[in-house]
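**Q** I have a structure here, written as structure tokens, and I will follow up with some questions on it.
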Amino acid sequence: MVGPAAVIDGSLLVGGVVAVAGLVLVAWALRALSERRRDNARGLLVAVDAGRPVTLRSDRYRLVGRPDELRRRRDGRVVPVELKSRSAPGNGPARSHAVQLWAYCLLVEEATGVPPPYGVLRYSDSEFRLRWDAEARRELLAVRSEIDRPYDGRATPSRARCARCPWVTGCDARLR
């Protein structure tokens with residue numbers, strides 16, 4: 001036989017579980033609302049690489065790219081967004097990630113005729129707005145011109161590296 005104290009304890013337990021579940025649902029809903037507000041502040045989503053991909057091309061700079069997102073700001077300018085699944089490096093965005101984002105900024109500028117004010121580099125734990133200005137353009141174009149230079153032979157080929165390299169058939173530094 002179950003006494004009145006056991007029934008009360010059982011009711012408290014059920015009530016506690018329901019209360020905790022309710023709090024979890026409220027927290028989840030508030031987080032979803034917060035994310036929606038943050039997304040609205042970021043700008044209207046114009047394209048997503050996974051859903052409606054847009055490939056940007058520039059014959060002038062011989063660049064092609066597909067940003068993860070393109071967002072249209074209230075002032076009409078389009079901003080590229082690059083998503084990284086890893087957490088942000090401790091000392092800020094990796095230079096290679098910045099150069100990639102700047103390439104997208106240049107491609108957006110070429111496609112729309114209007115330079116974006118910045119590009120967004122979003123890591124799993126933080127977000128950076130990298131200005132698209134004259135200095136960023138200079139850095140990007142310096143990297144772009146470096147790519148056009150003939151190979152200077154700095155690589156030291158090895159059988160192990162050459163065996164797993166996808167470019168071994170076209171490489172002028174491969175181990176013979």
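**Q** If you place +1 on the Cβ of every Lys and Arg and -1 on the Cβ of every Asp and Glu, how big does the dipole about the Cα centre of the stretch 44-151 come out, in debye to the nearest 20?
**A** 140
**Q** Let me ask something additional. Highest mean first, what order results for 105-114, 20-29 on Cβ atoms within 10 Å?
**A** Taking the mean over residues of other Cβ atoms within 10 Å, the ranking is 105-114, 20-29.
**Q** Still on this structure, I have one more. R0 = 41 Å: FRET efficiency of A142 with R31, Cβ-based, nearest 0.05?
**A** Efficiency, from the Cβ-Cβ distance: 0.45.
**Q** In terms of the Cα gyration tensor, with a ≥ b ≥ c the square roots of its eigenvalues, is the stretch 88-129 rounded because a/c is under 1.5, prolate because a/b exceeds b/c, or oblate?
**A** It comes out prolate by the Cα gyration axes.
**Q** Restricted to Cα positions, what overall size does the stretch 44-151 have along the principal axes? Three whole-Å values, descending.
**A** 40, 35, 25
Only the coordinates and a few stated rules stand behind these numbers; no lab work does. Only a predicted model underlies this, so the values are computations on that prediction, with no experimental measurement involved. Glycine gets a Cβ as well: all are built from the backbone with ideal geometry, and neighbour counts include every protein chain shown.
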